[in-house]
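Asker: Pasting a structure below so you can have a look.
Only the coordinates and a few stated rules stand behind these numbers; no lab work does. All values derive from a computational prediction rather than experimental measurement. Cβ placement follows ideal geometry from the backbone for every residue including glycine, while neighbour counts extend to all protein chains displayed.
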Amino acid sequence: MADSRTGVVIITHQRRDEALAAVERLVALPEQPPVVLVDNGSTDGTADAVRARFPQVDVLALAWNAGAVGRNLGVGRLTTPYVAFCDDDTWWESGSLTTAADVLDAHPQLAVLNARIVVEPSGREDSIVAELRDSPVPGPDWLPGPALGSFLAGASVVRRDAFRAVGGFSSRLWLGGEEELLATDLLSAGWEICYLEDLVVHHAASPIRDTVRRRRDGLRNTLWFTWLRRPLAPALRRTLFLAVTAPHDRISALAWWDAVRGLPWVLTRRRTRPRSVEARLAPLDAAQRASTARRYV
């Protein structure tokens, strides 16, 4: 049945065929969600192709690649209380958007739900799912799933008001690990984030991706987040861990240089998260050190 509570925002760049396939799956969902596609400066005709084939979809064609901020712009075009994010190589399982809306209706302090991620075409769970399911973050008893300290944007449903209240994704971080800063700011504002087993998103990783830039920006963003929100001692420990474990190659060197060049911006905007939030998320340090699912390789 149609369900008007959750809209969907897709960001895409230079993947016309995959964007068309993603939109086709979304408009076929029984919930019939309003869909906003944000084209991040593609030159392959993505925006025109989607408009021509799916006139019911709101297409926002940018002249530049805004990265994750494209999601912010998409959210601004929706009026639904909840927004599901979708990349052009992911899609929501039938019924999941209704499940998410029901859970968010029932838990007004819950800002983000992270779905279970199924890798296609194999149908296996993404390796990150075990870490989400076994999250060491303590949470209130009323949460419908394990409490999280961050989330994966392409597999999440957010409460629109909470997302907008903390400013959405940072324009400075662009893309790559941008969720960690937003998650900390939501938790610091009193919201909750959790994993929900019954919420399912499918992911068929696109071969069209700039893996070099993704690793470079991801490492830079982790360093920036660390010094934007972590107290001095944990920030030093995290920085040392990254210095030891990140590959000692040209990409990492460029990422460190990017991070250093951004220090004036970081220091002017540094705001350590509340002690209660820092203490609550402290167990993530050990979990991140042991993680095999997310490494800068």
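Asker: Specify which residue in the list 267, 244, 287 is farthest towards the positive end of the charge dipole of segment 243-289, using unit charges on the beta carbon of Lys, Arg (+1) and Asp, Glu (-1), about the Cα centre.
Answerer: Going by the charge dipole, the pick is 267.
Asker: How about segment 39-71: which trypsin sites (Lys or Arg not before Pro) there lie in a loop by DSSP and see at most 12 other Cβ atoms within 10 Å?
Answerer: none
Asker: Spelling out what I want: for every residue of segment 258-274, take phi, set θ = phi - 60°, compute 6.51 cos²θ - 1.76 cosθ + 1.60 (Karplus), and round to whole Hz; glycine and proline get x.
Answerer: 4, 5, 5, 4, x, 4, x, 5, 4, 5, 6, 10, 5, 8, 5, 5, x
Asker: First measure r as the distance between the Cβ atoms of residue 1 and residue 109, then evaluate 1/(1 + (r/R0)^6) with R0 = 25 Å and state the FRET efficiency to the nearest 0.05.
Answerer: The calculated FRET efficiency here is 0.40.
Asker: Could you give the angle, 0 to 90 degrees to the nearest 10, between helix 232-245's Cα long axis and the longest principal axis of the Cα atoms of the chain?
Answerer: Around 80 degrees separate the two axes.
Asker: Direction-averaged shadow area of the convex hull around the Cα atoms of segment 35-163, nm²?
Answerer: Mean shadow area of the hull around the Cα atoms is 9.1 nm².
Asker: I've got another one for you. How big, in percent, is the set of alpha carbon pairs in segment 199-297 lying more than 16 Å apart?
Answerer: Of the Cα pairs, 62 percent sit more than 16 Å apart.
Asker: Helix-derived [θ] at 222 nm for the chain: sum -39500 (n - 2.57) over DSSP H runs of at least 4, divide by residue count, nearest 500?
Answerer: -12500 deg cm²/dmol
Asker: Follow-up. Sorted by packing (mean other beta-carbon atoms within 10 Å per residue), highest first, where do 26-39, 95-108 land?
Answerer: Answer by packing, highest mean first, reads 26-39, 95-108.
Asker: Quick check on packing: order 119-131, 2-14 by the mean number of other C-beta atoms within 10 Å, highest mean leading.
Answerer: Averaged packing, sorted descending, gives the order 2-14, 119-131.
Asker: How far is helix 179-188 tilted off the main Cα axis of the chain, in degrees rounded to 10, range 0 to 90?
Answerer: Roughly 80 degrees between the two axes.
Asker: If you don't mind, there's one more thing I want to ask. Label-point separation (nm) for residue 122 and residue 276, each offset 7 Å from Cα along Cα-to-Cβ?
Answerer: It works out to 4.2 nm between the two label points.
Asker: Only bridges whose two residues both fall in the chain count here: according to DSSP, what percent of them are antiparallel, nearest 5?
Answerer: 30
Asker: I would also like to ask the following. What is the spin-label model distance, in nm, from residue 291 to residue 56 if the labels are put 7 Å beyond Cα along the C-beta direction?
Answerer: Distance between label points: 3.7 nm.
Asker: Could you pull out every residue, at least 5 positions away or on a different chain, whose amide H is within less than 5 Å of the one on residue 199? Hs are placed 1.01 Å off N in the peptide plane, and Pro or chain starts have none.
Answerer: Here the answer is 116, since their amide H atoms fall under 5 Å of that of residue 199.
Asker: Of all the stretches in the chain, which is the longest one without any exposed loop site, taking chymotrypsin sites (Phe, Trp or Tyr not before Pro) in a DSSP loop (any state but H, G, I, E, B) with at most 15 other Cβ atoms within 10 Å?
Answerer: That gives 143-297 as the longest site-free run.
Asker: I would also like to ask the following. Could you tell me how far the Cα centroid of segment 107-126 sits from the Cα centroid of segment 168-209, in Å?
Answerer: Between the Cα centre of segment 168-209 and that of segment 107-126, the gap is 11 Å.
Asker: Moving on. Could you tell me how many degrees, from 0 to 90 and to the nearest 10, lie between the Cα long axis of helix 211-229 and the main elongation axis, the longest principal axis, of the Cα atoms of the chain?
Answerer: Tilt of helix 211-229: around 60 degrees.
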